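The values are calculated or read from the model by the stated rules, or taken from the named source; none is laboratory data. In this text, all values refer to a predicted model and were calculated from it rather than measured experimentally. Here the Cβ positions follow ideal geometry from the backbone for every residue, glycine too, while neighbour counts run over all protein chains shown.
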Amino acid sequence: MATAVGARHARGTWTWTLLALLAAAWSPGLRAQSPDAADASPPVTAPAARDNAAPTDVYLGNRRILTLRATNEFGADPAERARGIEARLVQQLHRGGPLTVTLQDMGDHVALLVDDQPLFRVLPGDVDREAAETPQKLARDAAQNLQVALQERREARDSEAMLLATGKALLATVVLLVALWVVAWLYRRMAGALRRFAERRSASMVPAWGQQVVASTTIAEMVVAPLKLLTWAIALLLLYQWAALVLVFYPYTRPWGETLDRNLLDALVTFGQAALRAVPGLLFVALIFVLTRFVVRLVRAFFEGVQAGRIEVGWIDDATARPTGRLITAVIWLFAFVAAYPYLPGSGSEAFKGIGVFVGLMLSIGASGVVNQAVSGLMLMYTKALRPGEFVQVGETEGTVTSVGFLTTRIETLRNVEVSIPNAVIAGNVTRNFSRLAPRGGVRVPTSVTIGYDTPWRQVQAMLQLAAERTQGLASEPAPRVLQTALQDFYVEYTLIVSVADPRQRPAVLNELHGHIQDVFNEHGVQIMSPNYEADPGEKKVVPPEQWYAAPASPAAAARSSAAVDDA
């Protein structure tokens, strides 16, 4: 009996002790201090905190409430605390009520309550140290986000509010369709006007060599392409804004719509800030461009004056003035670009660096031939081997130099054909310049005949001198000379050297000289048997004067032919 009474007394003692502990656990003071204990069984000794646990976001619907980073004193890591908070939120929503969010500052941490019921605590370890947050600020932001999320959940259960949101979405869709129709109508009108304008002005917009390759319709499409890109950009912007607006109308998707709006606004703000930051640099680039252009104009005017003869300097002449001016102008623009490059927007970005590396690689691989030609051109210019207007022979090409460029030299031949020769080819070949020494007695031009030993050499010399005297276009000084350049087995080789006043008339002068040589030798009965003289024929091989104009030749026709050769 005593044992039963003792047992009942012991059970009663444990019952009152348990009730006292439960009452203490649900008292307001303790409840405010440890609301997180509801999602974990309180152990006798708290385990070590897991400081390396990953941060976890707490969501209600699609709206983020806050980010948990700390492990509480009961050993619950951020993920476990988040699951407990979300579970208690679901229970609170089932209970209903005004769903009012309040805060209770507990010193080192802050508790969040919904309808005076504890929900969770914001611990000191939850703050982001790099963002300079405090538990109080983090709790205020979380309370604001939670209040908005609770209102959205209540709105989502309101059929009248959802019907109104659907009506707004339909109205926004109608406005979008009308706006897209207006954009398409404006595009058609403006594109049609641009196409007609491009087709009318295609002759002036494209060079003559490209008009056969590019049709007028292709030109019109190229002109309309920027307008088409702008139209597509406007249409996509309207669609983006419509999607953000429609998502905001519905509570569940409202965070997504707000994110789209925020991203667009952030992009516009970032673009505006970048544009404002780039303004000083662009102004400096414009200043460099203006100053460089002014200096280039001065340099160009100076070298044009040297080329025209208005300015005389000792270190440059009229032939090298133009290439020197171009070279100095290129160097000035290169230095200007190097000075302005750091101030260009995006010059420090990886894209600009990649483009620079790509361009440098392409130049180093493909520009070796161009550099070789340019260096050869500079060598020709500054050694003054060729000048425009001079009569030269390069290899088998003979004619008048029309231009000496950095890459090629153009020569107009006697057949009225322009030949472009790479400068490297000219630098590697023998070049004969017939005009350089022409002012000092003309160009020495030789021509040879072979006459048998039975003709007195003094007579041959006199006949050759007579033929030279009859020839027009020869310089008076030095006088023509006749040399016996070889004594062959069957004949003597005589070389007549004359001086042509104008090197460009050398072929015409030689043509006339050869004709007079034949006439003089015929007049004096001396036959020209070269180059294959073997024996004297039965009678002399000469043409008497009465047969010089045998049909179909005539003196008038011979005069016209001579004049045509002179013009050539």
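Brief remarks on what is shown
- Here Q241 fits the description: modelled with pLDDT of 85 or more and in a helix (DSSP H, G or I).
- Residue pairs meeting the criteria (Cβ under 9 Å; at least 6 apart or on separate chains; first more than 28 Å from Q151 (Cβ to Cβ), in the stretch 253-281; second at pLDDT below 80 and part of a helix (DSSP H, G or I)): none
- Counted as qualifying within the stretch 56-149 are the strands (runs of 3 or more DSSP E) with 1 or more residues that are of a type in the set (D, E) and modelled with pLDDT of 80 or more, namely 56-60, 101-105.
- Residue match in the stretch 467-480 (condition: acidic (D, E) and at pLDDT 85 or above): yes
- Within the stretch 428-438, one or more residues are β-branched (V, I, T) and under 30 Å from R326 (Cβ atoms).
- Subset of the stretch 478-510 (residues that are assigned to a loop (DSSP other than H, G, I, E, B) and either more than 60 Å from the chain's Cα centre (by Cα) or of a type outside the set (D, E, K, R) (or both)): P478, A479, P480, Q488, D489, F490, A501
- Conditions (1) part of a loop (DSSP other than H, G, I, E, B); (2) surrounded by fewer than 18 Cβ atoms within 10 Å (Cβ to Cβ); number of the one not met by V526: (2)
- Selected residue (criterion: nearest to D141 (Cα to Cα)) from residues of the stretch 84-101 that are loosely packed, with under 14 Cβ neighbours inside 10 Å and of a type outside the set (A, V, I, L, M): T100
- V460 being within 19 Å of E523 (Cβ to Cβ) and at pLDDT below 90: yes
- Being in a helix (DSSP H, G or I), farther than 30 Å from L150 by Cβ, touching a residue at least 24 places away in the same chain (Cβ under 8 Å) and not small (G, A, S) is true of T292.
- Identity of the residue in the stretch 125-139, surrounded by 15 or more Cβ atoms within 10 Å (Cβ to Cβ) and touching a strand residue (DSSP E or B) at 6+ places or on another chain (Cβ under 7 Å), that ends up nearest to L113 (Cα to Cα): A139
- Those residues of the stretch 463-482 which are farther than 19 Å from I451 by Cβ, touching a strand residue (DSSP E or B) at 6+ places or on another chain (Cβ under 8 Å) and of a type outside the set (G, A, S), in sequence order: T471, L474, E477, P478
- Candidate set: the stretch 485-496, residues that are surrounded by fewer than 16 Cβ atoms within 10 Å (Cβ to Cβ) and out of contact with any Asp or Glu (no Cβ under 7 Å at 6 or more places or on another chain); chosen: the one nearest to T447 (Cα to Cα): T495
- Listed by position, the helices (runs of 4 or more DSSP H) enclosed by the stretch 157-238 include none that has at least 3 residues that are among the small types (G, A, S), in contact with a strand residue (DSSP E or B) (Cβ under 7 Å, 6 or more places away or on another chain) and modelled with pLDDT of 85 or more.
- Residue satisfying all of: in the stretch 296-321; surrounded by 14 or more Cβ atoms within 10 Å (Cβ to Cβ) and within 29 Å of the chain's Cα centre (by Cα); modelled with the highest pLDDT among these: V296
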